[in-house]
């Protein structure tokens, strides 16, 4: 089975780590060299009236599970239903495929459901099905579209998805075995399937948490009960992936699920071809979202292209390099296969999948970029620069404080901008220390401020030729202190005043 991918990502933000393609992985039963099947591709289920009252949730979900197997394209199989008028004892050899539930004490520990398979040579004869009436003491969940976290954590309160378990057992009832079967060699790569032996089997499909028969199981059904018909197209993105425990599927995830800006994380993805036709260069686009719903309007982080044969299952991880600065908090990653709807599919509601547990962007402690020395005069209000953090998005929100500064200096607690209404000239530099604090920590930054006496003799707001002319005109004269070019206030216009004008020449004095 051929498969390839092309990485077309945004500036290296997305890269394939690994990928695996499925071969035929379903299992079935044989009698000698013959495959055991239901004659006529039909099986009748006899429902216990106390467990499956007509119109009840249990009955509706059980019938829906039957329907999932019956609508698989490229296969022909039919479940008939007979509603018993009373509960009958289970007899695995009476030829009636009964379906009922019993107290958990009558089943092996941990058993949710079991199907007893009895064949007559290469034909099935009796496939009684028994469910636990109260699995693990938490019971059943009867949601049609159970959320991934509900499916993944049935205990202590969510309960087990009856729809998932019933669909799995019905797969046994038509002749499919577990996948994987349990005797595979170490390192065997297995796929998420409806017939996975561990709960929750293959889990749900798409971010709408749809329960469907997975690709491997569809291939198994087509092998057992091949049918003809029109070509059907249906691509899907699974909400569950394989794990290190053979046959136990887990929700797709970001690994690791905590990160800092600029870090890498690996997004697990599983896509399947449920249909009966091959597709070339199928686009799978990946997104980052602030909420658990993936939409085309979310942040596009790159795409892959795949060739997908019927029944193929692709499980892989993509490396996502996070932006250098991201606001702290949860981020959901997911993908949409055939995101531009280039392929007309039987179902379009199973194309988008999202990780079950969001990636948490951790917050950094504040780090303030260096602040250059500041210069001003003793005239007017001095307003300093707005401090800049190394990661302003991630480190927000910040509370600013003035740790060190001269009397009268203040700081804006939300921006960190320092101001001084009446600055005092000094021959020494003022040391100013600002502090930035967020929930993670704090940091300080020291800078220096030079306040010079303003030597604007004429008062026009700038030290220029007019001021120099005034000093030269009054040079050597005794004048009232601080007037007529006496910049140092000693009552004499002298070389010191000339030096002051020349030193500040061109400087504004607000």
In this structure, does residue 199 turn out to be buried (at least 18 other Cβ atoms within 10 Å of the Cβ), without any contact (Cβ under 8 Å) to a residue 60 or more places away in the chain and under 37 Å from the mean Cα position of the chain (by Cα)? no
Residue 471 - would you say it is buried (at least 18 other Cβ atoms within 10 Å of the Cβ), over 60 Å from the mean Cα position of the chain (by Cα) and modelled with pLDDT under 95? yes
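A quick yes/no check of all residues on (1) outside the structural domain of residue 280 (by TED's automatic domain parsing); (2) at pLDDT below 95; (3) within 37 Å of the chain's Cα centre (by Cα); (4) farther than 24 Å from residue 211 by Cα:
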position	(1), (2), (3), (4)
3	no, yes, yes, yes
6	no, yes, yes, yes
15	no, yes, yes, yes
37	yes, no, no, yes
44	yes, no, no, no
58	yes, no, yes, no
64	yes, no, yes, no
84	yes, yes, no, yes
Do any strands (runs of 3 or more DSSP E) lying entirely in region 87-139 carry at least 1 residues that are over 26 Å from residue 161 (Cβ atoms), and which ones are they? 113-120, 123-132
All positions within region 227-273 that are in contact with a helix residue (DSSP H, G or I) (Cβ under 9 Å, 6 or more places away or on another chain), surrounded by fewer than 24 Cβ atoms within 10 Å (Cβ to Cβ) and assigned to a loop (DSSP other than H, G, I, E, B): 227, 260, 261
If the requirement is being under 30 Å from residue 96 (Cα atoms), surrounded by fewer than 16 Cβ atoms within 10 Å (Cβ to Cβ) and at pLDDT 95 or above, which of these qualifies: 142, 162, 131? 142
When you check residue 457 against the structure, is it surrounded by 14 or more Cβ atoms within 10 Å (Cβ to Cβ), farther than 23 Å from residue 371 by Cα and touching a strand residue (DSSP E or B) at 6+ places or on another chain (Cβ under 7 Å), yes or no? no
Options 442, 428; residue that is over 18 Å from residue 381 (Cβ atoms) and either assigned by TED's automatic domain parsing to the domain that holds residue 504 or surrounded by 13 or more Cβ atoms within 10 Å (Cβ to Cβ) (or both): 442
Residue count, region 141-185, condition within 30 Å of residue 36 (Cβ to Cβ) and either within 31 Å of the chain's Cα centre (by Cα) or assigned to a loop (DSSP other than H, G, I, E, B) (or both), comes to 20
Which one is surrounded by the fewest Cβ atoms within 10 Å (Cβ to Cβ) among residues in region 349-381 that are closer than 30 Å to residue 458 by Cα and modelled with pLDDT of 95 or more? 373
Give me the strands (runs of 3 or more DSSP E) completely within region 308-410, filtered to those with at least 1 residues that are farther than 30 Å from residue 272 by Cβ and free of Cβ contacts under 8 Å to residues at least 60 places away in the same chain, ordered by residue number. 329-337, 399-404
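The values are calculated or read from the model by the stated rules, or taken from the named source; none is laboratory data. This one's a predicted model, so the numbers in the text were calculated from it and none came from an experiment. Glycine gets a Cβ as well: all are built from the backbone with ideal geometry, and neighbour counts include every protein chain shown.
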